1. How large is ³J(HN,Hα), in whole Hz, for each residue of the range 48-54 in order, when computed from phi with the Karplus curve 6.51 cos²θ - 1.76 cosθ + 1.60 and θ = phi - 60°, using x for Gly and Pro?
2. Say a paramagnetic label sat at a point 7 Å from the Cα of Val74, along Cα to Cβ; which residues of the range 9-34 have their backbone N under 20 Å from it?
3. How high is the FRET efficiency between Asp137 and Asp117 when r is their beta carbon distance and R₀ equals 30 Å, given to the nearest 0.05?
4. Give, as ranges by residue number, the residues of the range 163-197 whose backbone N falls under 17 Å from the point 7 Å along Cα→Cβ of Gln206.
5. Ala48 to Gln84: FRET efficiency via 1/(1 + (r/R0)^6), r the Cβ-Cβ distance, R0 25 Å, to the nearest 0.05?
6. What whole-number volume per residue, in cubic angstrom, does the convex hull of the C-alpha atoms of the chain give?
7. Please give the contour-minus-distance gain from Leu284 to Ile129: 0.36 nm per residue of separation, less the Cα-Cα distance, rounded to one decimal in nm.
8. If you count the DSSP beta bridges with both ends in the chain, what percent of them are antiparallel, to the nearest 5?
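No value in this document is a laboratory result; all are computed from the given coordinates. For clarity, every value in this text was computed on a predicted model and none was experimentally measured. Here the Cβ positions follow ideal geometry from the backbone for every residue, glycine too, while neighbour counts run over all protein chains shown.
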Amino acid sequence: MENSNEHLHAMQLFARIVECGSLAAAARDMGVSRAVVSYHLNKLEQAAGLMLLNRTTRSQTLTEAGQRYYQHCVAVREHVQQAQREWEQLRDAPSGTLRLSAPVNLGLQWLIPLLSDFRHRYPGIELDIALSDEVVDIIGTGLDVAIRGAPLPDSGLQARKLASMPTCLCAAPAYLRHRGRPTAPADLAEHDWVLYKQHQRLHLTQGRRSFSIDLQGPVRTNNAAARTALVLAGHGLARIPWYDAQPCLQDGRLDQVLADYELQDIELYAVFPPGSGRSQKVRLLLDYLAQRSQAGLLAQTID
């Protein structure tokens, strides 16, 4: 045939001839005249030097060569359609800059790996990531999304819950040998604590019983990684997210205490300004983080 585009068009016409059952039906389906369909069929047969269809005034049947050629035509059509879909996806791909904030330890251990995968999926989206353990003014700093480990303190923002993170009470073995192992909630008030931010009260439950303990300690920090490091160094007890404590429990660097009591989970939220949830790039990110959280990936990677 004269060129590849004409050949490709002729292949698609031939596939429709077979599927529609006649040249006339294929012509109606493709929105062309019967003469055009007949012309392209003849050109295909001339190029191949083979008959593709046995045609009479009342019926048509595929020759052996026609059957094989039809299968190739269908495969080519599927490739063309797939290429068109991918082109449309690229044309309509989300773009722009996403500005995010997260606590340092959460960002390094969980958010950054997920955002790396997110960018591979949506390369048109640029990321501006700020890691800080301080509560950031979302609207004042122009953030699109902030990740927080607590419910919203104000009603001027919107939030989407991503996950519930289990926690446990831990201490270094050396600390417990020196100070003794607590065996009841009342014992906790007699111990030193590595305090994280302003968390100075601990709530525990066992069945229907609940306990509330005021915590005192010689060390305070606003950084989750620093908290774990200080507990490992023997400066006291701490409530630590399970993902952070588990590796240290497994290799013996930390011991869990009062394991038969339940602690409050840390609730992880994506917080964003009113109306920004309608933004395509923000919506895509929130859906992605929620899906990965629900898949259980937070169990080893968050604070």
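1. Residue by residue, the range 48-54 yields 7, x, 9, 7, 9, 10, 8 Hz.
2. What the label zone holds, given the 20 Å backbone N cut-off, is 9-23, 25-27, 29-30.
3. Working: r = 29 Å, r/R0 = 0.95.
So the FRET efficiency works out to roughly 0.55.
4. 168-170, 181-191
5. For Ala48 and Gln84, the calculated efficiency is 0.40.
6. Details: hull volume 68.8 nm³, N = 303.
Considering the Cα atoms of the chain, their hull volume per residue is 227 Å³.
7. Numbers: separation 155, 0.36 × 155 = 55.80 nm, distance 1.65 nm.
Separation in residues times 0.36 nm, less the Cα-Cα distance, equals 54.2 nm.
8. Looking only at bridges with both residues in the chain, the antiparallel portion is about 70 percent.
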